[in-house]
Structures are given as C-alpha cells and as structure tokens.
Amino acid sequence: MTKPEEIDWGQLEAIIDKHRGESWALIPLLQDIQETFGYIPEESIETIAEALNLFASQVQGVISFYAGLSLKPKGKYVIKACRGTACHVKGGRSILRYMKKELGLDEGETSPDYKFTLETVACLGACFLAPAMMVNRAYFGKLSPPKVTSILAEYGKKKGED
Amino acid sequence: MEEISLTINGKNISCPPGTSILKAALENGIKIPTLCYHPHLEPVGACRLCLVEDEKTGRIMASCVTPVSPNMVIQTDSPIIKKHRINIIRLMMANHPESCIVCSQGNRCELRQIAAELGVGQIGLYPMPHYTGLEEANPFIIRDLSKCILCGKCIRADHELVVVGAIDYNLRGFKSRPSTVHEMPLEKSSCTFCGTCVSLCPTGALSLKNTRYVGSPQNESSTICGFCGVGCSLVMGSVDGQIIEVNPSHKEGTVNRSTLCVRGHFSHDFLNVSERLTSPLIRRDGELSPATWDEALEVVAKGLKSIKKKNGPQSLAFLGSSKCTVEENYLFQKIVRVILGTNNVDNCSYGSGKAVINLINEKLNGGGRIKPLAGLEAAEMIFVVGADPTQSVPVVGYSLKRASNMKRIPLIVADPRKTDLVSFSSLWLPLAPHSDFAMLNALAAILYKRQSYDIDFINKFTEGFDLYCDGLSSVDLKKVSRFTGLDIKLMEKAADLIEGKKIAFVIGHGIMQQRYGTLAMDALLNLALMTGSLGGDGQGIYLLARENNQMGAWDMGAAPDFLPGRQSLYNDIIRKHWEQNWEVKLSPDPGLNIIRMIEEAEKHNLKALYIMGENPLRSLPQPKRISNALNNLELLIVQDILDTETTQLADVVLPGAAFSEKGGTFTNLEGRIQSFEPVVSPPGEAKPDWEILDLLFAKMGYSKRYSSLKDIRAEISNLVPMYSELGGNGVETWIKETSNMRLFHPDREREPIHFSPVITTKNEKSEKDYPFTAILGSLRYHLGSGTRTGYSDRIRDFGLKGEAEMSSEDSAGLNLKEGDKVRISSPYGSISREVTIKRDLSPGLIFIPIAFQNNDSRQLIELTQLGEADSPGWKECQVKVEKLET
C-alpha cells in the first residue's frame, strides 16, 4: 500500500495510458490503480475521465459505488470485522469494540502511519468460524480478545502502541 | 417488422416490437404514474412507480423498461399493483423531509401529486429523512438534496440532453446523491447553469434561486425565446402581469426539446425593470418628457414628412430590428419604401453576416434555407468553422455534442481557440485567425489530389470545375501551412475524416463577422459543391444566427438591397411586381446600410433616423463616432422597450412591447417560422410595435389599416412565397423553399452553380505597434451587446468580469499573473481588463468576451473596417497590451 506522498505519478499515468480511448475499460483500469496503490488518488479522476472519453462525474460515481474501490488511502493491513448474524450471535459486537480499542481506530478509519485500516463487512461468508475477521486476504475465526491481540501483534501491532 | 399485439387494461393494442409497455399504454391513453420517466430521456426504471402486472404470469414489472411481448395481458391498476405503489410512495415519503408547507415546488411537486392521487396521507412509517445542507452559493440554482428521490432525471438531462457531465450519482445506498466531481459547489464544476435539471426535477430538490415570487404562477403560457437565433419554445409563468419564471415548453418536436440555456432560463429580468419605457416621450427644451401617443406620432409623422420635402427621401434612414417580429419588420420596411420612398432601411445584424448571407443567397438562389438541427444528429460528418456554439447558441452546442458523444459522428472543429467543443471533436484545427479560406481550399486540394469528389453532383449541378481543379492543383500546401499555422499532416487527417462523406458545415460569427468572411464562404461553398454536400438532410450549411429574428428581419426586407422574400431590389421585374402589389412607385436607388447611414450622418447628409428595437450606441464599434453622428441628426426617433444609451439621444421615444407582451412570429436559424401569442400585457402605455407602426401608417395618411396580426400575416403570406404558409393552421410552419436549389433533384431545371476562384494567401501588413491579435467573442451569459441580459440580477450576481484570456507564454513575457489588470489598446480606443491565463491559447492571441462592462470592447474596432466584399471585420483586431500597476 502506498502513502499519498509516495504516489509514483508516472506509474499512474502509465496505467491510464494502457487503457486510453477504451471507455468500456473503466472498471479494469480503476482496479488496476486500486491494486497498485491501494487506493485511487482523487486527483487522478479528471485524467482518467479524459483518457476514456467519460465525464469526470461518471468516473467518481463508479469509484464511490464499489466497496472494492477507494478514494481514501488505506493502511498496509486492511482489517475487516464481520457483522453477519452468526458472528453477532457469537459476540462479534464486543470483538469489534475490542478491535477498535486495540487499534485506536473507528470504523472506516486508517492509522496515521498507514499501517492499519479498520472496516466492517455485512458478512464474510465464514459463519462456521464466527466470530470472524479478515486481514487483507487472510481469514481468522473463532475470535476472542486475546486472539485478536495476538493476530494484531503478528502484523506488528504492539500492545499499548497507538 | 410485424407489430406486436397485447392487451392493456382489457384494451387490445398493437405496437412495434421494442416499444416499452409504458409507451404503448401512454400512446393509447392509459395513464401510469411515473416519477423518473421522461420522453426525452433514456428510461432507467429507478422509481418503480410504473409497475404493472402481467395477468398471465403474475409477474410484476417496471413498465418503462420492459418491452412489450406478444399476447401479454397487462393490468396497470390492479389491487396488488396499487398496494405496491402505495408502499413505494410511503417509503419515499419516509425518506423525505416534511417541509411541504414551505417548499417552493408547492403543488407542482410530482411526489405530492402522486401521493394525493393514491390517497397516501399518513405514511405510518418511522421518518428517516436524509438531511443535507442547502447549496445556494450560486445565483441560479438551489440544491436541497434532502428532497432528492434519486430519479436521476437531472443526471440524465445533464448527460443525454445538454451533454455537460457536471453531475452523476455519488456514493451508494442511503448516502447516494447526485453530485459534482469532488462534491464541489456547482459554480466550481463544469455546470453551465442551463437550468434543464431544475425544469425536470419532480420534487423541490432543485429550485430556482432569486425568484421574484415564491409559489406557483397564476398563469402559464407558451411563447418563443427572444434571445438567440435558435428560437426555443418556452413556457412563461406569470403572476399579476409579471413574468416570474421560464421553463422549456412541454410540446413535442420543438427545437430545444426539454432544454434551455442560462440566458433563456435565467435572464428575463429586463422585462420587469424600472428602466422599461412606459410612455411616449418627446424632447422639449432639451429634456425628454412624457407625451400622449397622438402627440408623439404627430411629431414623428410631421418631422419625417417635412425633412423629406426639404431634403429628399435619401435624407431619411430607418433601422428595423433583428429582435422584433416578422410582421413588424414587414410593416416597418413598407412604411419606408411605400410612404417615404427610400430604400434606406437596414437592421443591426448587418455586421453579423449580411455579406456572407448575400453570397449564399446569390449562389444558391435562395435555396438551402431549411436546416433542422435534428439533421446534425443524423449527419455523416460535421465541420464546425469559426463557431463556438456551446457559448453563442448553446442549444446548437447540445445538438453537436449529442451527435459526437452519443451518435459517434466525426466532428472537426476549426478555431484558433480551444473551445468547449474541441474536447468532443475528432480533430481540432487550431488555425490562425482569418486564415479559414486558405485552410478550406487546402483541404479541397488534398481531396482533389486523392481524386475524392462527387463527380455526379459536380456534372449535374455545377460549372467551372475544370478551372477550379487548375486552381486546386496549384495550391502550395507548404505555403498554406505557413499562412494558417496548421501542420500539413493535420490537414491530411482532416481530409481523411471528410473523404467520401457528405459534410454538415456549421458556420458562426468567426466567419460571418470576419474580414475574409466572404473568401472563406467562397472556399466553403466550393468544398460543399465538390463533395456534393448540398441538398439533403444533415448536410449543407448551418448558419448560426445570433439574434432571434435575424433571419426573419432579412426575409421581410429590413435590408437596403432586399425586398420581402429576400428578393433583389435591383431586379427590374421583381421591383415592378412589388410596385403592383403595393400600388406605388418604388425607388430603384440602392439604400444605405447601417454603416453608410452613420457615415452620411457624419457628413450631415442624413437628417432623420428612425430606430426600432436596436441599440446601436451599445452594439456598434466606435461609440463616440456613433453618438456624434446621431447628434448631427435633425430628428432621431427610437422605438424600444428599455431606456438605453440610444434612447437618451432621441428626440422622440416610442415605448414598444417585449416578445412576451405581444403576438408575432420569429424565424429561427433552421428556417422554422414560429408564431406566438402574448403572455402578459405591455407595461403602462407601451404598445406592441406592430400597433405603433399601424398608428404611424394612419398618421402618415395611408389608407390601409392593420387592425390585427391576422391582417399583416395575410398580406405577407399573399405576397411573399417563402412565407406562404404564415398564419395558416397551427403556430409553426417552415420556410417554403421557392428555390429549385433545395434538394438538387437531378430532373429539375436550374442554372448551374459556379465554382469560385481558389485563393490561399493574402498579404497581411504586420503591425509592429500592435503585436497581439484580439478575438472578440461571446460568452453564454450574455447575448449580443448585453443590453437585455445586462439587467439579469442572477447574471450580475454571478460576478463575471469578462476577463481577457491570454496564453501562458505571453503572460510570462509581460510578467502577468492571473487577475492582473491590463490596458488593451488598438488604434481606435482602449479598454482595461483583468487577465486570465489559458494554457491552450496560442501565443500572440488574446480573447476578449463581448457584452461585459457596457460592451466596451467595441471601442477597439473600427466601424468601417470592412474586409473583402463588405465582410465587416469586427471579429478580430490588432492590439497592444500593457500591464496596469495597482
């Protein structure tokens, strides 16, 4: 994941250039940028629109519609806490509260060092692991507060560190 | 294809495949409630109110997006459908603020109307309104998105009708709302404030700001917009005889469909300002003071008669009006020619393309006048030369953008500046000012070299092609490239786009007002003849008239060389014919055009001038010269609606009526003749201009009286073949093409059209003291010289300053920053402006928007700076620029 000040604009231009003139290719192009930089810098909306012969407002509309695309820079590790029914019954709410406290982040927030982003998801589809969470693409289940602490520690979160 | 038959509410219906159920129902008089549907927009099925049930399958479908299929049995109002509809409305209302009592949409709110129809009062749901801030920083539109029901009409109007793209949906779910990029306020987005979204919004989410009156109008009636040459159909709402709001009309087949522009929507304040003239005025002891109609007309009639007796008819001159109606211009020139015996009649649009019109008229024998804008969207390719329609005639701009963006029609824009249209074009030819003729001839030369021309058309309808080919084969592309500043490769590319296609040329003031305008038009007509691009729909020459009735004023003979029907005054047979019609001897002496009138007044040869609905003191170059000339006159009569710079000098002022206060007819740039009725009455003692002219006829002792518009229309339709359908059935008719040059049928007899000589360069004298070329052009917020639009509170509040645009290179050279003040001077005068820096402007050019700051930019040009064959040459001039220290 790239911090905003570290964006390689040349690389971003190159990604856009790859799809120049292909107005159908908006989503693949956006995914490409999202994948490369971890988010889509707002400043690039006009450039993308111009390259694809679209209106800038259309490009923004697509980005803001899909959960998989983001205009805000995210942390290196994106933590997704499950808020599905099964997880809720198994105490998912207190797990989320605990995560918030441990990370010092609210839902949707990113730590100032761009290490962690905390998000919630309607259901991770891993109900048998309830309560469950994901860090980037890895699943963790049957969570308890100590387990959450140790998972976060694995990703470099020391206890008491903000 | 075979029609599909189905049953809706027990009625057997058949319609073509692909028709939506909703359309099929509407066409058969079955009403289905809708909120997101609009006939001019692509259906999206957002509101779900148009649900219908298929009895056979029990399926429930949104009828606006479901096509008919054979043997469907549709119920539009069954109990289950009703239940669903009521629930949808309840949910929408639960999400809507309960502010109906103070909402400006009032009873016009479609959500409220449908709720009432369905009997939804108490919704019985927990209210969850989505409050958002009110956005009202701009002076045109208030956005209260808490009232938005997400029907998407504004977004679709923005994308599909006016093709601006300022807004789209942003975010999803409960948070979803129409938004600009980066959620900026509208004035910082690409929004052009055409107001189309406001007219289409079913609720109060979008409303007009700075209305003179809050609430629904007492009366609504249709009329035709009095600003530019497009002639949009309007609905004007009035309360107590004052216009309070303007919307596009709901009629089908209008030129503007559901759109308007910022002027048409927001600039009608001039109708109600205190500067309106409400009583005739006569100058007594140096002061203009109120008089009765009888007194004022007595002074006019006596004055004109005695000056004629003393100095002869050539000492009188008359300015008709490109803003007044067809009927009024007809009467006006009739008074001039029949009663006063002179041809000294013109109108202020002389400088807006008369020379070019004369050329086309001569070559095509008056043909090719009918040019529906819809044809542009069916063209094979479009070539825009010297026009910025997105600013000057925005509704034409919409057509061009739709053609390019949605129909993918190739579009070439030839313009020294990167206009808004360039981003929609396939190719931009950034040529040097007034080098269009060279560029057009070079393109013809490239096509000739490729043997790409329509030889059938050439053989049947033209002569002199061999000579033309000789001219083309001697064109030196390198020389043209140097003269125009265009790369040869770029011109080759343009030729690629044109090759094998019929061209629709769109011509604006860049040609019509340019010093080599007639040369460019010659070259353009050659190219049109060579490619056979004349006679069909979506090809030929679209002339962008700036004024609402510019075409009609010329058609009615408000010109020194045209009799009504644009017939030549100098043709003895035609003149004899009109002498019989009018039972009078007509003067064969050529009349004075507007420039010659001023010159003759300067020389004290002209003694009296009668101006109807024009403000030459604000619109013509060199205002000092104009006011000196007008002061030389013994008698100046001004008939107008507003107290203007020109009425201040008058000896007699006659208060006329604005277009919304009288009936009449305007002829638009398409050749559409649109008649309209008054919406309100004129203020005070003001009278419709045709009534004033009728009274004047009587005062001058003419036997015939015109008691109604019907009488005038009957005379016109009788005598002018082009207008033979005027006053017939309906309010809209088209120019009747009396010329055999319209469709170019091979079997019809006609004179062949000559190719013109090929000219590719001109010797330009370089002006060392005035190194910049200033281009004068309009912005969409003002029309012409801005006499009327200048009164718009909203446009004034918008705070435009008419900044001069300069290239980044030149501004760096002069050490100028954005917003710095400069003095711009030419040999004729100087103005001061703030500077705005444009990256895309070529060095050496400077763009000055007209109409701002009392239209002072006209001080830079010379009144009599005529170029080739009377082309006015008012489009650009040489200037110098100095930084002003602050």
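The values are calculated or read from the model by the stated rules, or taken from the named source; none is laboratory data. Predicted model, so just to flag it, every value in this text is computed and none were measured. Neighbour counts run over all protein chains shown; Cβ positions are idealised from the backbone, glycine included. We work out accessible area using only protein heavy atoms, side chains counted, and drop any ligands, DNA or RNA first. Shrake-Rupley method; radii C 1.70, N 1.55, O 1.52, S 1.80 Å.
Worth a mention:
- Per the listing A:Pro41, A:Pro28, the residue uniquely more than 29 Å from B:Leu186 (Cα to Cα) and out of contact with any strand residue (DSSP E or B) (no Cβ under 9 Å at 6 or more places or on another chain) is A:Pro28.
- Within region B:571-618, the set of residues being among the polar types (S, T, N, Q) and over 29 Å from B:Gly656 (Cβ atoms) comprises B:Asn571, B:Gln580.
- Considering region B:21-31, and only residues there that are within 22 Å of B:Ile89 (Cα to Cα) and of a type in the set (A, V, I, L, M), the residue that is surrounded by the most Cβ atoms within 10 Å (Cβ to Cβ) turns out to be B:Ile21.
- Taken together, B:Leu586, B:Leu525 contain a single residue that is more than 22 Å from the chain's Cα centre (by Cα), touching a residue at least 24 places away in the same chain (Cβ under 8 Å) and within 20 Å of B:Leu431 (Cα to Cα), which is B:Leu525.
- Residue count for region A:21-45, restricted to those that are at pLDDT 95 or above and within 11 Å of chain B (Cβ to nearest Cβ): 1
- If you go through region B:385-399 and keep only what is within 18 Å of B:Gly353 (Cβ to Cβ), part of a helix (DSSP H, G or I) and open to solvent by less than 10 Å² (accessible area, probe 1.4 Å), you end up with B:Pro389, B:Val396.
- Considering (1) open to solvent by 10 Å² or more (accessible area, probe 1.4 Å); (2) out of contact with any helix residue (DSSP H, G or I) (no Cβ under 8 Å at 6 or more places or on another chain), the lone condition that B:Ile611 does not fulfil carries the number (1).
- Among the candidates B:Thr57, B:Thr34, the residue that is open to solvent by less than 50 Å² (accessible area, probe 1.4 Å) and not assigned by TED's automatic domain parsing to the domain that holds B:Gly215 is uniquely B:Thr34.
- Scanning region B:400-422 for residues that are under 26 Å from B:Phe666 (Cα atoms), at pLDDT 95 or above, open to solvent by less than 10 Å² (accessible area, probe 1.4 Å) and among the β-branched types (Val, Ile, Thr) turns up nothing.
- Qualifying residues in region B:136-153 (those that are buried (at least 22 other Cβ atoms within 10 Å of the Cβ) and assigned to a helix (DSSP H, G or I)) - the one farthest from the other protein chains (Cβ to nearest Cβ): B:Lys147
- Residue check for B:Lys302: open to solvent by less than 10 Å² (accessible area, probe 1.4 Å) and basic (Lys, Arg): no
- For B:Phe562: the one exception among (1) open to solvent by 20 Å² or more (accessible area, probe 1.4 Å); (2) free of Cβ contacts under 8 Å to residues at least 24 places away in the same chain: (1)
- Boolean, B:Val73 is outside the structural domain of B:Cys154 (by TED's automatic domain parsing), surrounded by fewer than 18 Cβ atoms within 10 Å (Cβ to Cβ) and modelled with pLDDT of 95 or more: yes
- Residue ranges of helices (runs of 4 or more DSSP H) in region B:618-728 with at least 3 members more than 29 Å from B:Asn581 (Cα to Cα): B:623-631
- Strands (runs of 3 or more DSSP E) within region B:159-277 that include 3 or more residues more than 14 Å from chain A (Cβ to nearest Cβ) and either open to solvent by 10 Å² or more (accessible area, probe 1.4 Å) or hydroxyl-bearing (Ser, Thr, Tyr) (or both): B:206-208, B:219-224, B:233-239, B:242-248
- Residues (in contact (Cβ under 8 Å) with a residue 40 or more places away in the chain and under 26 Å from B:Leu529 (Cβ atoms)) located in region B:417-432: B:Ser425, B:Ser426, B:Leu427, B:Leu429, B:Leu431, B:Ala432
- Residue satisfying all of: in region B:466-508; touching a residue at least 60 places away in the same chain (Cβ under 8 Å) and of a type in the set (Val, Ile, Thr); surrounded by the most Cβ atoms within 10 Å (Cβ to Cβ) among these: B:Val506
Yes/no matrix, rows are residues, columns are (1) farther than 24 Å from B:Ser176 by Cβ; (2) touching a residue at least 40 places away in the same chain (Cβ under 8 Å); (3) part of a loop (DSSP other than H, G, I, E, B):
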| position | (1), (2), (3) |
| --- | --- |
| B:Asn12 | yes, no, no |
| B:Pro17 | yes, yes, yes |
| B:Cys36 | no, yes, yes |
| B:Val44 | no, yes, yes |
| B:Ile86 | no, no, no |
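- Residue check for B:Glu600: within 30 Å of B:Glu362 (Cα to Cα), in a helix (DSSP H, G or I) and touching a residue at least 40 places away in the same chain (Cβ under 8 Å): yes
- Selection count where residues are within 18 Å of B:Cys36 (Cα to Cα) and among the acidic types (Asp, Glu), scope region B:90-117: 2
- Segments classed as helices (runs of 4 or more DSSP H), wholly inside region A:7-103, with at least 1 members that are farther than 30 Å from A:Leu129 by Cβ: A:9-18, A:26-37, A:45-52, A:56-65
- Pairs, first more than 11 Å from A:Val148 (Cα to Cα) in region A:85-99, second open to solvent by 20 Å² or more (accessible area, probe 1.4 Å) and not in a helix (DSSP H, G or I), C-beta under 9 Å, six or more apart: A:Thr85/A:Cys123; A:Ala86/A:Cys123; A:Cys87/A:Cys123; A:Cys87/A:Leu124; A:Lys90/A:Lys142; A:Gly91/A:Ser144; A:Gly92/A:Arg83; A:Arg93/A:Arg83
- When B:Ile370, B:Ile382 are checked against the criterion of being open to solvent by less than 20 Å² (accessible area, probe 1.4 Å) and touching a residue at least 24 places away in the same chain (Cβ under 8 Å), B:Ile382 stands alone in meeting it.
- Only one of B:Tyr828, B:Tyr791 that is out of contact with any Pro (no Cβ under 6 Å at 6 or more places or on another chain), closer than 27 Å to B:Leu669 by Cα and either in contact (Cβ under 8 Å) with a residue 60 or more places away in the chain or open to solvent by less than 40 Å² (accessible area, probe 1.4 Å) (or both): B:Tyr791
- For region B:436-465, filtered to residues that are surrounded by 24 or more Cβ atoms within 10 Å (Cβ to Cβ) and not hydrophobic (A, V, I, L, M, F, W, C), the residue that is farthest from the chain's Cα centre (by Cα) is B:Asn441.
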